[in-house]
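> One structure, as structure tokens, below. Some questions next.
The values are calculated or read from the model by the stated rules, or taken from the named source; none is laboratory data. Quick caveat: nothing in here was measured; it's all calculated off a predicted structure. Neighbour counts run over all protein chains shown; Cβ positions are idealised from the backbone, glycine included.
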Amino acid sequence: MNKGSENTDYFAHETAVIDHGCKIGKGTKIWHFSHIMPGCDIGENCSFGQNVVVSPGVKLGNNIKVQNNVSIYTGVVCEDNVFLGPSMVFTNIVNPRSAVVRRDKYVETLVRKGATIGANATVVCGIEIGAYAFIGAGAVVIRDVLPYELVVGNPAKHIGWMSEYGHRLHFDAEGLAICPESKEKYRKESDKVVKLRH
């Protein structure tokens, strides 16, 4: 293990590789065979499972959970409390070719606060995944996903809405829904969902 981060109040397994020039927040845990590359900015209390790669310049917020076998490529930005499921995939070039170098053409992908991306899902670059959106396992996401939106399939299609606690929302005739766990209320307004403030 090479602890190349500016600070040392995080945990890295002895098989992890931490390159010089990255920033890793307090309380973050990096497990077996993971590689954190230069220029990364990783927040506090994150968790990286086995065999995770974080490419140069990636920005990750606080309390992000990255499960096994995930590669987070340059151009990806994740806000706080994002969940990246096992073996999910990001891309960062729209039209990759082995013989054509396009390192100066990386396209940004933005994952907003609290979003979940399920196991084996693929996120094509250049899109925004809204706050608390939920991407089902195996989905192939080729367009923006709205806040609280639930999408599944290939290509990913809208099938409903999710609460901040990860429960399917069922709206009544007035367009109101209540999360069964948190009891928080949500309103459906045409093609979007908002959480009601108390």
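> Looking at the stretch 43-60 only, could you name the residues that are farther than 12 Å from I30 by Cα and of a type in the set (A, V, I, L, M)?
V58, L60
> Which residue, of A177, A156, is surrounded by 13 or more Cβ atoms within 10 Å (Cβ to Cβ), within 18 Å of the chain's Cα centre (by Cα) and on the phi < 0 side of the Ramachandran plot?
Working: A177 fails: within 18 Å of the chain's Cα centre (by Cα).
So the residue among A177, A156 that is surrounded by 13 or more Cβ atoms within 10 Å (Cβ to Cβ), within 18 Å of the chain's Cα centre (by Cα) and on the phi < 0 side of the Ramachandran plot is A156.
> When the residues of the stretch 48-95 are filtered to those that are more than 12 Å from the chain's Cα centre (by Cα), among the hydroxyl-bearing types (S, T, Y) and more than 15 Å from I135 (Cβ to Cβ), which remaining residue is surrounded by the most Cβ atoms within 10 Å (Cβ to Cβ)?
Checking each candidate, the answer is S55.
> Just a yes or no: is a residue in the stretch 119-135 at pLDDT 95 or above, in contact with a Cys (Cβ under 8 Å, 6 or more places away or on another chain) and crowded, with 21+ Cβ neighbours inside 10 Å? Before the answer, list the steps.
Quick first cut of the stretch 119-135, residues at pLDDT 95 or above only: 119-135.
Okay, now just the ones that are also in contact with a Cys (Cβ under 8 Å, 6 or more places away or on another chain), so none.
Within the stretch 119-135 (the criterion being at pLDDT 95 or above, in contact with a Cys (Cβ under 8 Å, 6 or more places away or on another chain) and crowded, with 21+ Cβ neighbours inside 10 Å), the answer is no, since none of the residues qualifies.
> Turning to a different aspect of this structure: Across the stretch 133-165, which residue is farthest from T91 (Cα to Cα) among those that are out of contact with any Phe, Trp or Tyr (no Cβ under 7 Å at 6 or more places or on another chain) and among the small types (G, A, S)?
G160
> Further question on the same structure: From S71, S55, S34, S47, grab the single residue that is among the polar types (S, T, N, Q) and more than 30 Å from L146 (Cα to Cα). Show your work before the answer.
On the way: S71 fails: more than 30 Å from L146 (Cα to Cα); S55 fails: more than 30 Å from L146 (Cα to Cα); S47 fails: more than 30 Å from L146 (Cα to Cα).
One residue alone meets the criteria, S34.
> Would you check if there is a residue in the stretch 71-83 being modelled with pLDDT of 95 or more, of a type in the set (D, E), at negative phi and part of a strand (DSSP E or B)? Step through it out loud before you land on a result.
Residues of the stretch 71-83 that are modelled with pLDDT of 95 or more, as a first pass: 71-83.
Checking which are of a type in the set (D, E) leaves us with 79-80.
Now restrict to residues that are at negative phi: 79-80.
Now narrow it down to the ones that are part of a strand (DSSP E or B): none.
No, because not a single residue in the stretch 71-83 is modelled with pLDDT of 95 or more, of a type in the set (D, E), at negative phi and part of a strand (DSSP E or B).
> Follow-up question, since we're still on this one. Considering each residue of the stretch 138-189, count those that are within 19 Å of L84 (Cβ to Cβ) and touching a Pro at 6+ places or on another chain (Cβ under 6 Å), and give that number.
So the answer is 2.
> Only one of K113, K183, K188 is farther than 30 Å from V54 by Cβ, crowded, with 16+ Cβ neighbours inside 10 Å and out of contact with any Leu (no Cβ under 7 Å at 6 or more places or on another chain). Can you tell me which? Can you show your working first?
Details: K113 fails: farther than 30 Å from V54 by Cβ; K183 fails: crowded, with 16+ Cβ neighbours inside 10 Å.
Checking each option against the conditions leaves just K188.
> Looking at the stretch 32-47, can you tell me whether even one residue there is closer than 20 Å to A121 by Cβ, surrounded by 15 or more Cβ atoms within 10 Å (Cβ to Cβ), within 16 Å of the chain's Cα centre (by Cα) and modelled with pLDDT of 95 or more?
yes
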